[in-house]
1. Could you order peptides 130-142, 78-90 by the average number of other Cβ atoms within 10 Å of their residues, highest first?
2. To the nearest 20 debye, what is the magnitude of the charge dipole of the range 68-155 about its Cα centre, counting +1 on the Cβ of each Lys and Arg and -1 on the Cβ of each Asp and Glu?
3. Using a 1.4 angstrom probe on the protein heavy atoms only, could you order Y27, Y213 from most to least accessible area?
4. Tally Lys/Arg at +1 and Asp/Glu at -1 over every other residue whose Cβ is under 14 Å from the Cβ of K144; what's the total?
5. Relative contact order of the range 199-306: what whole-number percent is it, with Cα pairs under 8 angstrom and at least 6 residues apart?
6. Got the relative contact order for the range 199-251 handy, in percent, Cα pairs under 8 Å and 6 or more residues apart?
7. Tell me, Kirkwood radius of the chain from alpha-carbon pair distances, in Å?
8. Largest first, how would D35, D293, D164 line up by accessible area (1.4 Å probe)?
Amino acid sequence: MPVNTKEIADRINALKNQKNAVIMAHYYVADQIQDIADYVGDSFFLAKKATETDADIIVLCGVRFMGESAKVLNPDKKVLIPEIAADCPMAHMATTDSIAEMRSKYDDLAVVCYVNSTADLKAASDVCVTSANALKIVSRLPQKNIFFIPDQNLARYIADQLPDKNFIFNDGFCHVHNSIKADVVKKAKELKPDAPLLVHPECKPGVVALADYVGSTSGIIKYAGESDAREFIVATELGVMHELGKRYPDKSFYPAGPMQICPNMKKLTMEKLLHVLEYEDNQITLPDDIMRDAALPMEKMLRLSK
Ligand code: 13P
Ligand code: SF4
């Protein structure tokens, strides 16, 4: 580690201890941030961990919706994000108007909100899900009609496994996963025919159909550890390669295609993490009614995923 990077890391650790802060990071942020975090995980793990900490400050190293989820579940704690401009475009790809429209059309409707969404959308929904628990939670809902927002690809992956439900799709998508192309993935499989293909369900159905395993970032990491294979093709954001390499140094991981990089996750830097710990700016604040209404579907997710 270059000296100035080590100095930054030392200052981050000192401030963290001094202020009783906890650093949580998603697998898509820079390797150094993953390394300094107290917890690294998928969206579900981070939301759950946020409810279990007794720290006074949560520094959520991820995109804005992750900070909002932590705040909604911890209204009395200070939640900081290192880069306020790190926002997930998909989080805005649904509207409260379309939710109201569906509620007026269907009596027996559950609005299921992927956590990759704004707090406003969560507040208008019945239950939140992540890619790690969506199947379990939707299968447990009594309603037949499911309006699944914002991600159409995750919705289709879940809908295919629950034929008794009537899914209503929304046209949101993650631009990073949605840009992974089936013909490019097929070429990667031809080059590595023995390597299982590990796919995130935010990918298009044509890519999901080629997969040996489909799951959240944590699911992908777990599968790679349990499999006897030595080589894997990975169809998700390349930040996961860091944890895969650390945990399984004797295995090899190849991207399914080019450009599997989330520009928003990559806006976070060690300097920004240090700055936010020092000055406590970039605090997540939300209107009281949104905090209250968004907590209900988030807490329902935590209950139903047990
Ligand atoms: P998970 O880590 O929950 O699989 O989420 C993927 C993602 O796109 C987060 O932005
Ligand atoms: Fe949003 Fe996709 Fe980036 Fe995740 S990887 S933050 S879903 S754009």
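The values are calculated or read from the model by the stated rules, or taken from the named source; none is laboratory data. Bear in mind the structure is a predicted one, so any value in this text is a computation, not a measurement. Glycine gets a Cβ as well: all are built from the backbone with ideal geometry, and neighbour counts include every protein chain shown. In case anyone asks, the SASA skips ligands and DNA or RNA and just uses the protein heavy atoms, side chains included. Shrake-Rupley method; radii C 1.70, N 1.55, O 1.52, S 1.80 Å.
1. Values: 130-142: 18.5, 78-90: 21.2.
Most protected by this proxy first, the peptides run 78-90, 130-142.
2. 320 debye
3. Working: Y27 10, Y213 60 Å².
Sorted descending by solvent-accessible area, the residues read Y213, Y27.
4. Local net charge: -1.
5. 17 percent.
6. The normalised contact order for the range 199-251 reaches 35 percent.
7. The answer is 19.8 Å.
8. D164, D35, D293
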